[in-house]
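**Q** Pasting a structure below so you can have a look.
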Amino acid sequence: MRNEIEQVEKMCTECIENKNGIIRRLLCDLDESEEIYSTMLHAHMEKIEKIMSVHADRLRFLTKLYEVEKREIIENYDLEIANYKAKKFGLQKELECVFYGLAEKSRIDRRQAEEEHMAKKDELKNSVSCSFICLVGAVWRDIAYCLLVRVKS
């Protein structure tokens, strides 16, 4: 029985040593895995920082590009507005000139029409006056003739 106990003890010792060896290997593997994880995490963080840096650079570039384009658009807008206002002012002046020219022409035409009207009115008065004078003269002659005929009779 002693032999059997020694064999069982030897077998248990071998099993324990085998298990201890497995545990040591697992601990080594765990340490290696932790190192690999740490290295991978560090590499991942560096890549993330690099991506963030590239994104920040891209964002700065696009912001500058936006500011330049915005400034150009505003300058073009201001230039176009100035040109529009100048053109509008010129057209307004031209329209005023046309308006005042037409008003002056209308005033001259009205004055000429009034002068023509007055001339025709004077002509009509003169012709009516002449006719009236002739008529009155004829009436006076008739009256004078009638008076003469009465006086003679």
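**Q** Mind jotting down the distance between the C-alpha centroids of the stretch 49-71 and the stretch 94-113, whole Å?
**A** Each part's Cα centre sits 63 Å from the other's.
**Q** Using the Karplus curve 6.51 cos²θ - 1.76 cosθ + 1.60 with θ = phi - 60°, work out ³J(HN,Hα) for each residue of the stretch 118-126 in order, rounded to whole Hz, and write x for Gly and Pro.
**A** 5, 5, 5, 5, 4, 4, 5, 4, 4
**Q** Just for the Cα atoms in the stretch 10-151, what are the lengths along the principal axes, largest first, rounded to whole Å?
**A** 199, 29, 9
**Q** Of V139, V54, V68, which has the largest mean-square fluctuation in a 10 Å C-alpha GNM of the chain?
**A** Between V139, V54, V68, it is V139 that shows the largest mean-square fluctuation.
**Q** Setting aside same-chain residues fewer than 8 positions from K19, which lysines have a Cα under 22 Å from its Cα?
**A** K10
**Q** Cα gyration tensor of the stretch 1-93, axes a ≥ b ≥ c as square roots of the eigenvalues: rounded (a/c below 1.5), prolate (a/b > b/c) or oblate?
**A** Here the stretch 1-93 falls in the prolate category.
Bear in mind these aren't lab numbers, they're just calculated from the coordinates by the rules spelled out. Worth saying up front: this structure is predicted, and the values here are computed from it rather than measured.
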